[in-house]
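Below you'll find the structure, written out as structure tokens, and then a few comments.
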Amino acid sequence: MAIPFPVRVQAAASQLAFWLPRPVRRAVAGRPVRLDGQDLALDAQLLLRLQKIARAELVSGSVESSRALLDVGRHLVSGKPIEPVSVREIAVPTPDGDLPATLYTPVGLPEKSPLLVFFHGGGWVIGTRASHDNAVRFLAKHAGVRVLSIEYRLAPEFPFPAAADDALAAFDFAHAKAGDLGADPARIAVGGDSAGGNLAAVTAQQAVRRGGPAPAFQLLIYPATDFAQRYRSQDLFAENLFLTDVHMKWFEGHYVPKGSDLTDPRLSPLRADDLSGLPPALVVTAGFDPLRDEGEAYAKKLADAGVEVALRRHEDLIHGFINFTGVGTRFREALAEMAGALRQGLSIRD
């Protein structure tokens, strides 16, 4: 679908702002921000300032208007599609009907390559394959993997546990049909950001506990891991840093049915009694993110259970940074590091 001309103009202006001389960018962004012993990256601060000038919000009004806002906003920060990456539409069958999905394949990638089953973020309420298109393209190209990006069911139309059920079904499909997807069934990872990171963690747990096929690796990008407890980072970074406390409550209110057990591991993977035997994981957090502490608590619990895990905090970044591939350089640097770790995590080992 063609991008409307006014949106293209805004996108060009946003990208241009990040190429201004550093003193000018600093003047626009404002005085440096330091919280909890961390310095906010200038790219992140400038993005937040431009967002404030435009009066843009992650969530605004109804579910429908918030989804539409994200669909427009992605064009402002994601940049031109990363190439050369081919795409193929896939239907993923589940007990509740087919899920749309997109298979991304870097041009020239041989058969029986690693595959990442990816779940997009958006609080289980907003977000789509399209909103994460360039982030997924980046991972596919720079990690040298195929990526199957899943359009799981969203709340409030389909509240918990619909998304978790879809995520596990998508992994099972990828494993069963690995040959058709050009993938090696022994090197299939699950991953995602925010709500998608939650779904990836839940999928890994569910797959291991039932026995049978399980992921080879987990890529958990600023994951939501615990609805049952409030963490210090939620108070430190509650406002003005892209994802706010108000947004988080809005997402929870739509996704989690009233009366739900918030300690259910399918909802709060941190609350699982036993994490032993789970696949190796990379847990990525952002320093200025309300979800920072629960993500890091999950990494610690994995390590305590004997799981091979690496924790990487990008202390100068904000929530959502994998989607900002079209502006500045700092966000791409962080995503490039992630791609390298994913490549290593799915490499063939003796």
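The values are calculated or read from the model by the stated rules, or taken from the named source; none is laboratory data. All figures in this text were calculated on a predicted structure; none of them were measured in a lab. A quick note on method: Cβ atoms are made from the backbone with ideal geometry, for glycine too, and the neighbour counts reach across all protein chains shown. For accessibility, only protein heavy atoms count, side chains too; no ligands or nucleic acids. Shrake-Rupley method; radii C 1.70, N 1.55, O 1.52, S 1.80 Å.
By the helix-only formula, in which each DSSP H run with n ≥ 4 contributes -39500 (n - 2.57) and the sum is divided by residues, the chain has a 222 nm mean residue ellipticity of -12000 deg cm²/dmol.
Angle of helix 245-255 to the longest C-alpha principal axis of the chain, folded into 0 to 90 degrees and rounded to 10: 40°. Taking amide hydrogens as placed 1.01 Å from N in the peptide plane, the amide H of L243 sits under 5 Å from those of H319, each at least 5 positions away in sequence or on another chain.
Of the trypsin sites (Lys or Arg not before Pro) found in the range 179-247, none is in coil by DSSP with at most 12 other Cβ atoms within 10 Å of its Cβ. 3J(HN,Hα) couplings calculated from phi for the range 223-230 with the Karplus curve 6.51 cos²θ - 1.76 cosθ + 1.60 (θ = phi - 60°) are, in sequence order, x, 7, 10, 8, 7, 8, 9, 9 Hz; Gly and Pro show x. The R232 and E333 beta-carbon pair, evaluated with R₀ = 25 Å, returns a calculated FRET efficiency of approximately 0.40.
The slack between D304 and L262, meaning 0.36 nm per residue of separation minus the straight C-alpha distance, is 12.9 nm. Applied to the range 334-345, the Karplus parametrisation 6.51 cos²θ - 1.76 cosθ + 1.60 on θ = phi - 60° returns per-residue 3J(HN,Hα) values of 5, 5, 5, 4, 5, 4, x, 5, 5, 4, 5, x Hz, with x for Gly and Pro.
Comparing S149, F173, L109 along the charge dipole axis of the range 95-225, the residue lying farthest to the positive side is L109, per the Cβ-charge model.
Under the combined filter of DSSP loop state and at most 13 neighbouring Cβ atoms within 10 Å, the range 266-350 retains these trypsin sites (Lys or Arg not before Pro): R349.
Taking the longest Cα principal axis of the chain as reference, the axis of helix 195-210 is set at about 10 degrees.
Using the 1.4 Å probe convention, the accessible area of the chain works out to 42 Å² per residue with neighbouring protein chains retained. Remark: relative contact order (the chain) = 19 percent; criterion is Cα-Cα distance under 8 angstrom and separation of 6 or more residues.
Close amide H pairs (under 5 Å, H built 1.01 Å from N) link G326 with S78, G79, residues at least 5 positions away or on another chain. Once both axes come from the Cα atoms, what is the angle between helix 292-304 and the longest principal axis of the chain, in degrees from 0 to 90, rounded to 10? Tilt of helix 292-304: around 30 degrees. Cross-link pairs exceeding 19 Å in C-alpha to C-alpha distance, out of K80/K141; K249/K301; K258/K300, comprise K249/K301; K258/K300. With q set to 0.11, 0.12, 0.15 Å⁻¹, the log10 of I(q)/I(0) for the range 1-106, from the Debye formula over equal scatterers at the Cα positions, is -0.55, -0.63, -0.88. Tell me whether the range 153-267 comes out rounded, prolate or oblate; compute the Cα gyration tensor, take square roots of the eigenvalues as a ≥ b ≥ c, and use a/c under 1.5 as the rounded threshold. Judged from the Cα gyration tensor, the range 153-267 comes out prolate (a/c at least 1.5, a/b above b/c). Of the residues P215, P279, P81, the one that moves most in a GNM of the chain with alpha-carbon contacts below 10 Å is P81. Distances between placed amide hydrogens fall under 5 Å for V309 paired with A281, all partners being 5 or more residues away or on another chain.
Of the heavy-atom accessible surface of the range 60-117 (probe 1.4 angstrom), what whole percent is carbon and sulfur? Carbon and sulfur atoms account for 61 percent of the accessible area of the range 60-117. Rounded, prolate or oblate: pick one for the range 234-350, where a ≥ b ≥ c are the square roots of the eigenvalues of its C-alpha gyration tensor, a/c under 1.5 means rounded, and failing that, prolate if a/b is larger than b/c, else oblate. It is oblate, given that a/c is not under 1.5 and a/b is not larger than b/c. FRET efficiency for the pair R26 and R55, taken as 1/(1 + (r/R0)^6) with r the Cβ-Cβ distance and R0 = 25 Å, rounds to 0.65.
Placing one equal scatterer on every Cα of the chain and applying the Debye formula, the log10 ratio I(q)/I(0) at q = 0.10, 0.12 Å⁻¹ is -0.55, -0.82.
Which residues make up the longest stretch of the chain that has no GluC sites (Glu not before Pro) in a DSSP loop with at most 14 other Cβ atoms within 10 Å?
The longest uninterrupted stretch comes out as 1-110.
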